[in-house]
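Notes follow the structure.
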Amino acid sequence: MDTRTELSEVTTKLDRLKKVDHRLEDLNRELTDLEGKIAYLVKQVDKESADIETLNKTGVKSLFYKVLGSKEEQLEKERQEYLEANLRYDEARKSLELLVYERNVLEEKIRALPATQRRHRELLKLREQEIIASNPQLAAKINSIDAQITERRKMIFEVEEALAVGRGAIHLLEQVLVKLNEAVNWGQWDMAGRRGRMTTGHMKHRQIDMAKDLAYKAKISLTQYEKELRDIYGPENFGLTVTIPTFSSFTDIFFDNLITDWIVQQKIQNTRSGVISVKDKTLRLQATLKGMLPKMRYEIEQLEEARKAVLK
């Protein structure tokens, strides 16, 4: 393998490892923040549970009900607050597990960084010596072309990586929709009274639970997708401008629609509509990314031809 080819490959590998290193830094900050959030949510769940226990006890003054409504109304309010606190805690705990797993994978990859950096420095020196030895006047021009080729190859890598993350996010969103659709179907049986209400209620809640677990994973995937997009549409964007949506509120949309009235069909439909909206937005961004690849590959071909012409 000649020096130029090896240098191009090592540069690409180094760029990937640097990205892993940056992701690890972000990941450690996210884990610290998430651990603090979990500690707070544990206290919140305990507090809401204690509130329910207090309301269930006898001997509460009648003035309490006069001010805040009936005991049943208060219990329902406290149950909703307890459910919400539990959902937030589950989301944070599952997110922590996923982030810890990702960190372990990245820490294994980053071990190759020091050796890759050393080899990259060696190859840069060799390449520079080769160019100067052959024709000093061409050194600047060749270096400029090589830099442009490397930049476009790096961008292709970034786009392909973003597309892969986007595909994973879309797959998870589709799974969420499947479970919500099943919950709707079981709810229709329940409302029509054509099957035992206990059985249909259990199946409906089971589908919603599975949709909820998938939504936790979808949020992690969408957040990573947004980061991949920002890697691409930074200062050097080859003249493209795209408005990047914020996916961080995805599970807020999911739970706000679901928590308010757990078993009402319309709420499940509202949640489903929110998921479809996020999926459609992701699909549009995927199409934009795919459209970038042919242009960049063509530019690389043109630069390679220009380089050959200089060396003739």
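The values are calculated or read from the model by the stated rules, or taken from the named source; none is laboratory data. Computed from a prediction, not measured in an experiment: that's the story for all the values here. Note: ideal-geometry Cβ built from the backbone for every residue, glycine included; neighbour counts use all protein chains shown.
Only one residue in GLU102, GLU84 is farther than 30 Å from THR11 by Cα and in a helix (DSSP H, G or I), so which one is that?
So the residue among GLU102, GLU84 that is farther than 30 Å from THR11 by Cα and in a helix (DSSP H, G or I) is GLU84.
Looking at LEU14, LEU55, LEU75, which one is assigned to a helix (DSSP H, G or I) and modelled with pLDDT of 75 or more?
Of the residues listed, the single one that is assigned to a helix (DSSP H, G or I) and modelled with pLDDT of 75 or more is LEU14.
Being under 35 Å from the mean Cα position of the chain (by Cα), touching a residue at least 12 places away in the same chain (Cβ under 8 Å) and closer than 25 Å to HIS22 by Cα is true for just one of VAL165, VAL176, VAL184. Which residue is that?
Testing whether each residue is under 35 Å from the mean Cα position of the chain (by Cα), touching a residue at least 12 places away in the same chain (Cβ under 8 Å) and closer than 25 Å to HIS22 by Cα leaves just VAL165.
Do we have ARG167 as among the charged types (D, E, K, R), surrounded by fewer than 17 Cβ atoms within 10 Å (Cβ to Cβ) and either modelled with pLDDT of 85 or more or part of a helix (DSSP H, G or I) (or both) here?
In short, yes.
Please verify whether LEU293 is assigned to a helix (DSSP H, G or I) and modelled with pLDDT of 85 or more, treating the condition exactly as stated.
Taking the combined requirement at face value, the residue satisfies it.
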